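Participant: Take a look at the following structure, please.
Any read-out appearing in this document is the output of simple, stated calculations on the displayed coordinates, not a laboratory observation. As the structure is a computational prediction, the values presented were derived from the model and not from experiment. We place every Cβ from the backbone using ideal geometry, glycine too, and count neighbours over all the protein chains shown.
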Amino acid sequence: MAKQNFVGLVVSQGKMAKTVKVRVQTKTYDKSVHKEVVKRKDYLVHDQGELCKEGDIVRIEAIPKISARKYFAVAEIKVNKGQQFALYEKLAIEKVAVQEQEQIAKFFARRDEFNQTITHLDDLRKLDSLAVRFQGLSGGAAHAASEEERQQLLAEIGAIKEKYNIKTWPAVEPVVSLQVSEASKDLSVLEHRVANIKTILDKMLGEEQYAAKVEEVLQQLSKKPVAELSKSVRRNMLRKWVLNEKNEVFVQL
């Protein structure tokens, strides 16, 4: 006698040892409504090798009862989509971990750069105070000051100047480069474009000198031919393009 078997989808896995839940879908004729209806039933299925993953399509076969609710076993994995999903999930986790490590490395690099800038500024303040003290000693108090103190001040001033390659103090060339973050730049650009969006769009759509560039932008954004786009659609597409701070707007205000 042939064993009872079904083909179903694994909908749950890993919650019980060597057990998966398989959903079997069948069609039966319902006399009350006189048409075929779809019925679904979930089975607890024995998976001896624990090979099945959620999403797999499997063939299950009747076996002697293992427990009150488990009397089927996995006979064949017909489509191992679940294995592919598990692989994709593993790769995604690894990629996220790499990205997190990159972000952490960037954070520490920015922190070190910030600390170096603070140290640089502290040294420049110290250099300024040392220069003022030395100038004071070189004036009326020069006779009262010991030669040893003046030499010590000169040594400290020389050390700081050599450390940052400063030729003269007060310096005429830039000594500290304070970098403005890219986010601040993008924000200022975006605020400017939002404030002048109507003027920008009117010029892009109304002036002949920008027609070629506007058509080139619309060709990149639209899957349809530019000639088939209505005026309102063109305007909306150009608005989104202008409000993206990564795009360089060619309109002169």
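Participant: Whole Å is fine, so just give me how far the alpha carbon centre of region 1-53 lies from that of region 197-250.
Facilitator: 54
Participant: May I ask you to order 11-24, 117-130 by the average number of other C-beta atoms within 10 Å around their residues, highest value first?
Facilitator: The peptides rank, most packed first, as 11-24, 117-130.
Participant: So in the chain, what percent of DSSP beta bridges are antiparallel if you round to the nearest 5?
Facilitator: 90
Participant: Can you check how the C-alpha radius of gyration of the chain compares to 2.2 N^0.38 Å, as a plain ratio?
Facilitator: 2.08
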